Structure formats: C-alpha cells, structure tokens
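Report on one structure; see the data block that follows.
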Amino acid sequence: MSTPKTLFQKIADREIPAKLIHEDAVCVAFHDISPQAPVHVLVVPRQPIARVAEATAADQATLGHLLLVAAELSRQLNLAKGFRIVINNGPDGGESVPHLHVHLLGGRALSWPPG
C-alpha cells in the first residue's frame, strides 16, 4: 500500500493548480494561500521528505538547494531590507502539511520571538 500524496506533492506534480513562481528539477515555489506577511512564498521539494527531522545525509543537496532558491526569490521579490526563512517541524513547530517546505517571509519588519 502506497502512502497518499501530500498537498504539496500534488502541486509539484501539477495535479493541483498553483501559480508557480519558480520551478526546477528539485523544487517548486509559490505564494502561500494564507500569507503571514506581505510576501509569503513556499519552496517545496519535489521529493517528499516528511520533515527536516526525518531528512538524511542523502537529502543534503536538496536541503541546500531549497535555501539557495529562497535566497534567489528574495532578490526577485525585492526583499533587500530583510526576510525570514522558516522550516516548521512537527505539530508543536507549526507543521500543517507533512512535506518539508521552506517559508520565505518578508515585505515588513518581522518581530522576535516569532510566537
């Protein structure tokens, strides 16, 4: 029995429509449907990794690629004044979809601690 695809895997596989702002062989990126800042982009690996705590050494290149894509998108989205990258892990960490993804947040001053 196979594991059902996550929402993000369906988006990456183009089974669910999304307005992609980046797409390559490793990941896709799109604006969050429930933004927490004026700019809120999700960078999602095509390969399903449930969460960062379950990533392995074999996932190292993918994890690095997600951060480099987020940095490039920050330039394209004019976030020169600053931005935040967030990776949620588990229910207490705010994870809502069990498919690792990077949140790129910006477009306003972000406070600390994040809450």
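The values are calculated or read from the model by the stated rules, or taken from the named source; none is laboratory data. Note that the structure is predicted; figures quoted are calculated from it, not measured. We place every Cβ from the backbone using ideal geometry, glycine too, and count neighbours over all the protein chains shown.
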Review point. Any residue in region 4-18 that is in contact with a helix residue (DSSP H, G or I) (Cβ under 8 Å, 6 or more places away or on another chain), modelled with pLDDT of 95 or more and not acidic (D, E)?
Key: no
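So, L110, is that one within 30 Å of T3 (Cβ to Cβ) and of a type in the set (A, V, I, L, M, F, W, C) or not? Explain how you work it out, then say what you get.
On the way: within 30 Å of T3 (Cβ to Cβ): no; of a type in the set (A, V, I, L, M, F, W, C): yes.
In short, no.
Is it the case, given these coordinates, that V28 is in contact with a helix residue (DSSP H, G or I) (Cβ under 6 Å, 6 or more places away or on another chain) and either modelled with pLDDT of 95 or more or within 19 Å of G107 (Cα to Cα) (or both)? Don't jump to the end; show me each part of the working.
Values: in contact with a helix residue (DSSP H, G or I) (Cβ under 6 Å, 6 or more places away or on another chain): yes; either modelled with pLDDT of 95 or more or within 19 Å of G107 (Cα to Cα) (or both): yes.
Yes, satisfied.
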Check your understanding: Which of the residues that make up region 27-57 are closer than 20 Å to N78 by Cα and touching a residue at least 40 places away in the same chain (Cβ under 8 Å)?
Key -> A29, D32, Q36, A37, P38, V39, H40, V41, L42, V43
